[in-house]
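Participant: Before anything else, here's the structure in question.
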Amino acid sequence: MFCVFLLGAGDQELFRSLYTTLAQQLPREPMEWRRTYGRAPKMIHLEANFVQFKEELLPKEGNKALLTFPFLHIYWTDCCDTEAYKGSVKEDMLRWQNSLRTHASPDWVIIVVESNDNKKKNKTNILPRSSIVDKIRGDFCNKQNDRCVVLSDPLKDTSRSQESWNSLLLKLRTLLLMSFTKNLGRFEDDMRTLREKRTQPGWSFCEYFMVQEELAFVFEMLQQFEDALVQYDELDALFTQYVLNFGAGDTANWLGSFCAPVRNWSGLLLRRPIDMEKRDGIQRGEASLLDLRSYLFSRQCTLLIFLQRPWEVTLRALELLHNCVQELRLLEVSVLEGALDCWVFLSCLEVLHRIEGCCDQAQLAANCSHTVGLWAYATDKLKSLGELCGLVSEKGPTSEDLNRTVDLLAGLGDERPETVHSLQSPYKKLKEALSSVEAFERHYLDLSHAAMEMYRAIGRLRSARLVGKSLAEFYMRKGDAERAENFLQEALKSYVSEGWSLPVTHTRRQIAECQKLLGRTEDYLQTSALLAGDVNLSTEERKHFCQEVLTYAGKPGDQSHKVTLSMSVFTELTRLQFHPAKASVHSGAVLQVELTLRCLMPVSVHLQQLAASIHFEVNHGDTLRRSKGHQRQTNQGTVEFSLGSSATGGMPASALVPSLELDEVQDRSPTDNSLNSTAVVCRNTHLLMRLHDSSSSSSSPPDTPNCINAAPVAMKEGAQMLKVQDVTLEPGNNSIILTAPSERPGTYILRQLCVTVGHVQFVLPHIYPSVQYDVYSQEPQLTVEPLSEPLLAGLPQMVKFTLLTGHYAVKKGDALQLSNTETMPVFPSTEKKAKTHRNTLVGESLLSIQASEKVTSISLPPTPPYHTLEFQLQVLCIIPSGSQRLPNERLTNGEVRHRPRSYSHPDTPMAAIDQRMSIDCPWSIYSTLLALTFYIPFKTKHSLLSAGNRKYIQVWLRNVSDVNFTLADVKLSEKQQASLELQSLNTKTQQLLCSRHSVFCLWEVRWKDDLPLCLQCVFSANFSPLNQDVSAFKPFHYQFQLERVPTLYSVKAEIFPPAGEQHCRSGLLCGLEVCITRLTEPAEAELAEDSKTDSDGLKTTKLMYEVADSSSNWAVCGRSSGTVSMPMAANATHKVQIEVMPLFAGHLPFPKIKVLKYLPHTPSTTIQPDPDSCLENDSLSLLDKTLEDQGDTASIRSRGSIHSVGSNEHQQQRSSTMPRLEPFSPGQVFNHSQSQQVLVLPAADDHIIEVNAT
Amino acid sequence: MFGDSIRKCLAGLQGTQTWRVGIAVIAKENYPLYIRSVASQSELKFHYTVHTSLDVVEEKISAVGKSLGDQRELYLGLLYPTEDYKVYGYVTNSKVKFVIVVDSSNTSLRDNEIRSMFRKLHNSFTDVMCNPFHNPGDPIQSKAFDGIVSGMMVQTG
């Protein structure tokens, strides 16, 4: 409100009526307020307060008051009479002006009211209407014409009057604003100057406070609350800075008054717009810190509420309260204990009441987050007050407490008049709460629940639980353990699920206290066990809790009732180890399980019993149905158990997500081991599924070692158990060995673990990952293997018999019956001992072997089940003597004969023989068939050599084994022809045959009458490994057959030099004479076979000769081949002349001359040239009509001609009708000129000349 | 990790000893990865305070997440003041929270300094995470990180 001072001359009543209109009309229209220092212009409504002018009201020099400052002086006049003006009015105006000038108030305006009535009244002195105004303007407004305004007919409702009103209002607003801006600027400048003086001694904050607050008031009046708030905030900050500086050692004198001991703690007062009481105190410099802060805040609160920002009030309030407490501490102001609590409590409630007063319920509910801090703070403070005044204890307050209460209440003073009639005022609440234990409890619970509700509503569950915990502590003090436990459990749940170990320990300890009070033995023991293993506690405390458990356990009494607790709190199963490691034993064998338990107790604990229950599964004879996962798990016979949260530090259960454990399961057919089905199995579905459930509802955390209260776990009484009695667990790792039952074959799965200590049982409900062991039953098994590789045929070899007894116990008299075979006799070994094994040598016993004609019986020594019996036998594999290619064997019907057959082995050059053994065992009605593979150490080849009519047989023997042999008594014999004599040309009787070396042996065949066509020969030799005595010699036989032995033809070639030459010359034609002579009379078979009767009665056969030079030494001129007809009589000769030309000089070998048997075609078939017959010789007369086929096709075929047997029917048919060539067997044709050479001279002499020239 | 100190503080929680500064790193799942305070007497209270502050951290994260999406500021500012201390929060992009608790009487610390403390903490934390031998999710047991935290405590304390 602007003070406008008025001075009027004329009708005062009229003026007064005009003021009211003016005061109403002035704020109607907003004005744009342009501000200094670049602040944004604002539209403001100006309001004015009209005050009668009095000289003494004019501001004195140095007046700081802005509120009462006269911004504009108005002089009213309705004078329309020049005389009157001149006479009195002007003088009056002058006086007015002078007094204004003396007080430096340059803002004024003169309003001249004109009315027709006045004019009419003063008819006599009619002057031009404007004259008075002009006069005034001339007298006073020398340059400011706008300082004189005319108001016409103000009381009439004419347009003229309206117009003049409007212009007057506009003028007034403008002038007023101008003056205001000018004065405000001056004021602000002054204020700043004052502020800059704050470092000077004697500067007073309170004084400055009043000045700046003046500014704030002005802004508030102008409805500029924002600006007003800024003023208070600046003051706030300035004061805060001083307090901080004080803390830093920079003391201002004026702060002294604020350091006075606090005497009043009545809390904030927010119901008055301005708390004049406190303001006066500040003005007088008597205010305490709390007073100043309270006043400042109440003003800020008022402005914020004007600004519709109630939530900022709550935030600032909280900040203020915290800050005040800190500041008092910093300034070391002495405060009665609890006084600040009272002040804070009252203030909190006052702020909340104030906010409730200006907001509706819905708004409040939606903005809990802003108020909840105050609620919680108030709760906190009330609680500490209650503790201070002895209202929380079970017994009630002592007299000392009561005295303290009285002191505290005294500091509250009287209730403020504003709230005297309110039933729920903070003052009344506090007074009531401190008056009695019951009232305190009621109020405290109200507040706590309100705070908790609000925290819950806005989702601050942790904060809610913390309030709950505080409430629990209250209940504990009151001895109400049951309610306390509920709150504690809820809090514990959240700490556990989020893995905050320290709060967990603390809360759990409180719970233990509750449970003890409530007598909930089982829960208490569980919690105690948890605490005993809690590393956050001191050893003494852990021992205490451990003792609690042990004391209960050791209490004499009813043994049938046992308390079952979760094992995880007591001890951890860290490792499980099987001995033997493969975790698979035969039935009845000893299997030990070693458990590694980490005992979490601080002291050693004696266990009555430790037991592991077993689930037994019979394997349905399907031993293949074993998952790979299981095999992997028990690979080393050790299962490591991943530890719970205790090992991983603070990690909560929710962070430990078990990984998926997948196993492959294959189901194979028991008969042929073929795959029936395969599947993937998840082994830990129960964990994963449960985890999923719990994560969806966060209220139930998964079952972990850290759990609040392990669910009661029942030990399933299994039929079979691993047990150990009376063990003492030391703190830390313990190793306990259990013996596992293994009577029945099957799979044993360890399910639970249970530790019994007196009345207390600790149970591990699931052993995870699952642990199992297998007990199997094994069939007896007999195997035979060579003692040394390879087994050589023909020599005695040692073989090892191994008998795995399995479930069968070998009794006395049990014997193995070996069926004898001719090809492999069994010899008793020199060492007739059987060894019994069971991992290590158990025993040795003599073996008795009895051989009869058909069987060899080996009596076994008595052997317990699941032992290994080993003995050795000597066997000999007789080398089959037949040649490797027995033509009859395959051709008969293609069936393989059931005698040992040698075959070539891919790994070794030696031919192999598989030898079967059939053994009858006492445990089975079936014979056991075993196979041994022997290798023949030799390879043999034979060949027939001829020299004219004389015949030689050569045998080639190669040692293909790795052993060196001595060879003796090499012999060759003929089976059929007695007249035949084979004369050995071998010199040595004994010779060395080294590994990978060969020996050639030669015999000459001599005969008396006729040399038979076919010879059946047997090569025999004795051999023994090198350096063994004569007795070790073993025979080796080699049978073979030689066919077409006699020489039929001899071929003799001669080369004649050209006529007149002594020697052949290269490039000159020579004559080649081939002489073919029949040496023997034809045998009968031959006659029948392929001869024909010539026209002159002589038997002839057709031969084909061919001269071929493979090495291009000779050029054959003319016919190189041809057929000759040979009479089938001894000494029949046929000569052929051929011209050949040597191509080189030197000793040239004779061209090769081949003689072949010529078989003419069958005349019945059509004759056509056939490219397949590969005869391109033109001399060969294919159309020879005299040719007569006498051989029948079958016999030709049987002889195995070059046109092979295996060709198809069509081909056979065709070939049989074609003329064919058939080679002679190697011994049938003897070539005299084989490898004979002839000297060929160089062609001409110029050759020599050429040499001379060069 | 939390040492022997709890023994004392469990004995008397009501004591009003304050810590001068405390630093905590909290995993995404809200369990502590690292927690350390200067004055060990009130370690338990410090734990409770940090745990409770997660309420406000979560509130702030969700509020920011709604409005700005990815463009969020990691520094959460003052989470809440209490009579004795101020709690500041910071959250990494992987939702790991840093909480610094400063004694209210420590007026020399400005917002900017707190910010830079958080940044330093974050850098060091990143180094820890880059260690191939560190299993993310395990409590931090790094000497380098310890050193950084100790340095900050000395500086602020």
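Participant: So, in segment A:358-374, exactly how many residues are open to solvent by less than 40 Å² (accessible area, probe 1.4 Å) and either among the polar types (S, T, N, Q) or closer than 17 Å to A:R316 by Cβ (or both)?
Facilitator: Here the count works out to 6.
Participant: I would also like to ask the following. Before we move on, is A:L517 under 24 Å from A:F474 (Cβ atoms), surrounded by fewer than 17 Cβ atoms within 10 Å (Cβ to Cβ) and of a type in the set (A, V, I, L, M, F, W, C)?
Facilitator: Yes: the conditions hold for A:L517.
Participant: Also, I was wondering about something else. For segment A:941-982, how many residues are at pLDDT 85 or above, in contact with an Asp or Glu (Cβ under 9 Å, 6 or more places away or on another chain) and not hydrophobic (A, V, I, L, M, F, W, C)?
Facilitator: 2
Participant: For segment B:106-146, enumerate the residues that are modelled with pLDDT of 85 or more and within 15 Å of B:V38 (Cβ to Cβ).
Facilitator: Listed by number, the residues that qualify are B:M117, B:D146.
Participant: Identify the single condition in (1) at pLDDT 85 or above; (2) assigned to a helix (DSSP H, G or I) that A:A365 does not satisfy, given that it satisfies every other one.
Facilitator: All conditions pass for A:A365, except number (1).
Participant: For segment A:234-254, which positions are more than 14 Å from every other protein chain (Cβ to nearest Cβ) and either assigned to a loop (DSSP other than H, G, I, E, B) or surrounded by fewer than 17 Cβ atoms within 10 Å (Cβ to Cβ) (or both)?
Facilitator: A:E234, A:L238, A:T251, A:A252, A:N253 - these are the residues of segment A:234-254 that are more than 14 Å from every other protein chain (Cβ to nearest Cβ) and either assigned to a loop (DSSP other than H, G, I, E, B) or surrounded by fewer than 17 Cβ atoms within 10 Å (Cβ to Cβ) (or both).
Participant: What number of residues within segment A:480-495 are more than 10 Å from chain B (Cβ to nearest Cβ) and either free of Cβ contacts under 8 Å to residues at least 24 places away in the same chain or open to solvent by less than 40 Å² (accessible area, probe 1.4 Å) (or both)?
Facilitator: Residues that pass the stated criteria total 10.
Participant: Here's a follow-up. State whether one or more residues within segment A:781-797 are under 28 Å from A:E640 (Cα atoms) and among the charged types (D, E, K, R).
Facilitator: no
Participant: Do the conditions hold for A:Y455, that is, is it hydroxyl-bearing (S, T, Y), touching a Cys at 6+ places or on another chain (Cβ under 9 Å) and modelled with pLDDT of 90 or more?
Facilitator: So A:Y455 passes the test.
Participant: Just to check your reading of the model, which residue among A:V437, A:V406, A:V420 is out of contact with any His (no Cβ under 9 Å at 6 or more places or on another chain), in contact (Cβ under 8 Å) with a residue 24 or more places away in the chain and of a type in the set (V, I, T)?
Facilitator: Testing whether each residue is out of contact with any His (no Cβ under 9 Å at 6 or more places or on another chain), in contact (Cβ under 8 Å) with a residue 24 or more places away in the chain and of a type in the set (V, I, T) leaves just A:V437.
Conditions tested, residue by residue: (1) over 23 Å from A:L215 (Cα atoms); (2) within 60 Å of the chain's Cα centre (by Cα); (3) surrounded by fewer than 19 Cβ atoms within 10 Å (Cβ to Cβ).
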{"residue": "A:L151", "(1), (2), (3)": "yes, no, no"}
{"residue": "A:L155", "(1), (2), (3)": "yes, no, yes"}
{"residue": "A:E163", "(1), (2), (3)": "yes, no, yes"}
{"residue": "A:L175", "(1), (2), (3)": "no, no, no"}
{"residue": "A:M191", "(1), (2), (3)": "no, no, yes"}
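Participant: Same structure again: Which of the residues belonging to segment A:466-479 are farther than 14 Å from A:I511 by Cβ, in a helix (DSSP H, G or I) and either more than 12 Å from chain B (Cβ to nearest Cβ) or open to solvent by 30 Å² or more (accessible area, probe 1.4 Å) (or both)?
Facilitator: Selection gives A:L466, A:L471, A:F474, A:R477, A:K478.
Participant: Mind checking which residues of segment A:964-1006 are farther than 16 Å from A:P1035 by Cα, free of Cβ contacts under 8 Å to residues at least 40 places away in the same chain and open to solvent by 90 Å² or more (accessible area, probe 1.4 Å)?
Facilitator: A:A978, A:E981, A:T987, A:K988, A:R996, A:H997, A:R1006
Participant: Among the residues of segment B:110-127, is any within 14 Å of another protein chain (Cβ to nearest Cβ), under 30 Å from A:D380 (Cα atoms) and not hydrophobic (A, V, I, L, M, F, W, C)?
Facilitator: The answer is yes, given that some residue of segment B:110-127 is within 14 Å of another protein chain (Cβ to nearest Cβ), under 30 Å from A:D380 (Cα atoms) and not hydrophobic (A, V, I, L, M, F, W, C).
Participant: Among the residues of segment B:44-58, write down those that are within 7 Å of another protein chain (Cβ to nearest Cβ) and in contact with a Ser or Thr (Cβ under 8 Å, 6 or more places away or on another chain).
Facilitator: B:T52, B:D55 - these are the residues of segment B:44-58 that are within 7 Å of another protein chain (Cβ to nearest Cβ) and in contact with a Ser or Thr (Cβ under 8 Å, 6 or more places away or on another chain).
Participant: Quick one: would you say A:S961 is among the hydroxyl-bearing types (S, T, Y) and assigned to a strand (DSSP E or B)?
Facilitator: When the stated conditions are applied, A:S961 does not pass them.
Participant: Sticking with this structure for a sec: If a residue has to be within 14 Å of chain B (Cβ to nearest Cβ), outside any helix (DSSP H, G or I) and crowded, with 19+ Cβ neighbours inside 10 Å to count, how many in segment A:528-556 make the cut?
Facilitator: Selection size over segment A:528-556: 3.
Participant: Follow-up. Taking the condition of being within 10 Å of chain B (Cβ to nearest Cβ) and surrounded by 19 or more Cβ atoms within 10 Å (Cβ to Cβ), how many residues in segment A:328-349 meet it?
Facilitator: Residues that pass the stated criteria total 2.
Participant: Pairs under 6 Å by beta carbon, first residue farther than 23 Å from A:G281 by Cα in segment A:187-205, partner assigned to a loop (DSSP other than H, G, I, E, B) and open to solvent by less than 20 Å² (accessible area, probe 1.4 Å), six or more apart or different chains?
Facilitator: These pairs meet every condition: A:F187/A:L66.
Participant: Just to be sure, is A:S463 more than 13 Å from every other protein chain (Cβ to nearest Cβ) and in contact with an Asp or Glu (Cβ under 6 Å, 6 or more places away or on another chain)?
Facilitator: Here the answer is no, as A:S463 does not meet what is asked.
Participant: Checking B:E29 against (1) at pLDDT 90 or above; (2) at the interface with chain A (Cβ under 9 Å from one of its Cβ atoms), which single condition isn't satisfied?
Facilitator: (1)
Participant: Being within 14 Å of another protein chain (Cβ to nearest Cβ), among the acidic types (D, E) and in contact with a Phe, Trp or Tyr (Cβ under 7 Å, 6 or more places away or on another chain) is the requirement here; does A:E513 meet it?
Facilitator: No, not satisfied.
Participant: Kindly state which strands (runs of 3 or more DSSP E) lie completely within segment A:1-89 and contain at least 2 residues that are surrounded by 13 or more Cβ atoms within 10 Å (Cβ to Cβ) and modelled with pLDDT under 70.
Facilitator: A:2-9
Participant: Do we have B:V87 as crowded, with 20+ Cβ neighbours inside 10 Å, within 14 Å of another protein chain (Cβ to nearest Cβ), part of a strand (DSSP E or B) and modelled with pLDDT under 90 here?
Facilitator: no
Participant: Related question: Restricting the first residue to segment B:128-157 and requiring it to be away from every other protein chain (no Cβ under 14 Å), which pairs with a second residue that is open to solvent by 50 Å² or more (accessible area, probe 1.4 Å) and β-branched (V, I, T) meet a Cβ separation below 8 Å and a spacing of at least six or different chains?
Facilitator: Note: pairs meeting the criteria are B:M153/B:V38; B:G157/B:V38.
Participant: Do we have A:T302 as within 14 Å of chain B (Cβ to nearest Cβ) and of a type in the set (S, T, N, Q) here?
Facilitator: Considered against the rule, which asks whether it is within 14 Å of chain B (Cβ to nearest Cβ) and of a type in the set (S, T, N, Q), A:T302 comes out as no.
The values are calculated or read from the model by the stated rules, or taken from the named source; none is laboratory data. Keep in mind that this is a model prediction, so the values were computed, not measured. All Cβ positions, even for glycine, are placed from backbone atoms using ideal geometry, and neighbour counts span all protein chains on display. For accessibility, only protein heavy atoms count, side chains too; no ligands or nucleic acids. Shrake-Rupley method; radii C 1.70, N 1.55, O 1.52, S 1.80 Å.
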